[in-house]
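Input: a single structure, listed below in C-alpha cells.
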Amino acid sequence: MEDELAADPQRMALEQAIQVLKPLRQHRQASAERQQRQMQQTLASSRERLAETRERLGSERQAQLARREALAQQHVDRCMTLDEVELWHNQERAMLDRLAHMRQDIHQQGMVIEQQQQQLQVMQAQAKAAQRAVEKLSCLAEAINDEN
C-alpha cells in the first residue's frame, strides 16, 4: 500500500506543486509584511510632522498675539495717516494669512494621514492573507506527509 502512495502520480504532482508554491507564497508574505512595516513607518513620521506643525501653529498664534499687542501699543492714543493705517492693516493681514496657511497645511496633513491609515489597513489585510496562504500550504504538506 505504501508503494502505491509513493508511486501515485497525482500525489507526486501535488508534492511538486507544493514545493514550487511554498517559496513563492513565503516571498509574497515577506513582501506584504515589509510593505506593511514601511507604511507603518511612513504613517508614524506623518503623525510626527502633524504634531510638529500643530505645535508651530500654537507658537505662531502666541507670537502673533504678542506682535498684534505691540502694534496696538505703538498706535494707541495717536493720530495716524492713511498710509500708517494701511501698513498696520497689511501687517495684521499677513499674520492672519500665515495662520490660515498653517491651518490649511494641518488639514492637508490630516487628509494624508487618513489615506495612509486606509492604505495600512489594506496592507495589513494583504499580509494576513499571504500568511494564511503560507499556513494553508504548510497544512496541506503536513497532511500529505502524515498519509505516509
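The values are calculated or read from the model by the stated rules, or taken from the named source; none is laboratory data. These numbers come from a predicted model, not from an experiment. Positions of Cβ are generated from backbone atoms using ideal geometry, with glycine treated the same way; all protein chains shown enter the neighbour counts.
Give me the residue from segment 87-126 that is closer than 19 Å to GLN62 by Cα and charged (D, E, K, R) and, out of that set, modelled with the lowest pLDDT. Once the filter is applied, the top-ranked residue is GLU92.
Okay, residues lined up against (1) among the aliphatic types (A, V, I, L, M); (2) part of a helix (DSSP H, G or I); (3) within 30 Å of GLU147 (Cα to Cα):
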residue	(1), (2), (3)
ARG11	no, yes, yes
GLN29	no, yes, yes
ALA66	yes, yes, no
ALA70	yes, yes, no
ARG93	no, yes, no
MET102	yes, yes, no
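I'd like to check something: does segment 104-120 contain any residue that is out of contact with any helix residue (DSSP H, G or I) (no Cβ under 8 Å at 6 or more places or on another chain), of a type outside the set (Val, Ile, Thr), assigned to a helix (DSSP H, G or I) and over 27 Å from MET39 (Cα atoms)? No, segment 104-120 contains no residue that is out of contact with any helix residue (DSSP H, G or I) (no Cβ under 8 Å at 6 or more places or on another chain), of a type outside the set (Val, Ile, Thr), assigned to a helix (DSSP H, G or I) and over 27 Å from MET39 (Cα atoms).
Is segment 24-35 home to any residue that is surrounded by fewer than 12 Cβ atoms within 10 Å (Cβ to Cβ), polar (S, T, N, Q) and at pLDDT 90 or above?
No, because not a single residue in segment 24-35 is surrounded by fewer than 12 Cβ atoms within 10 Å (Cβ to Cβ), polar (S, T, N, Q) and at pLDDT 90 or above.
If you go through segment 34-81 and keep only what is charged (D, E, K, R) and either under 29 Å from GLN118 (Cα atoms) or in contact with a Ser or Thr (Cβ under 9 Å, 6 or more places away or on another chain) (or both), you end up with ARG34, ARG37, ARG47, GLU48, ARG49, GLU52, ARG54, GLU55, ARG56.
Among residues of segment 73-98 being closer than 27 Å to MET111 by Cα and in contact with a helix residue (DSSP H, G or I) (Cβ under 7 Å, 6 or more places away or on another chain), the one that is surrounded by the fewest Cβ atoms within 10 Å (Cβ to Cβ) is ARG98. Of ALA51, ALA70, all but one fail to be over 16 Å from the mean Cα position of the chain (by Cα) and exposed (fewer than 13 other Cβ atoms within 10 Å of the Cβ); the exception is ALA70.
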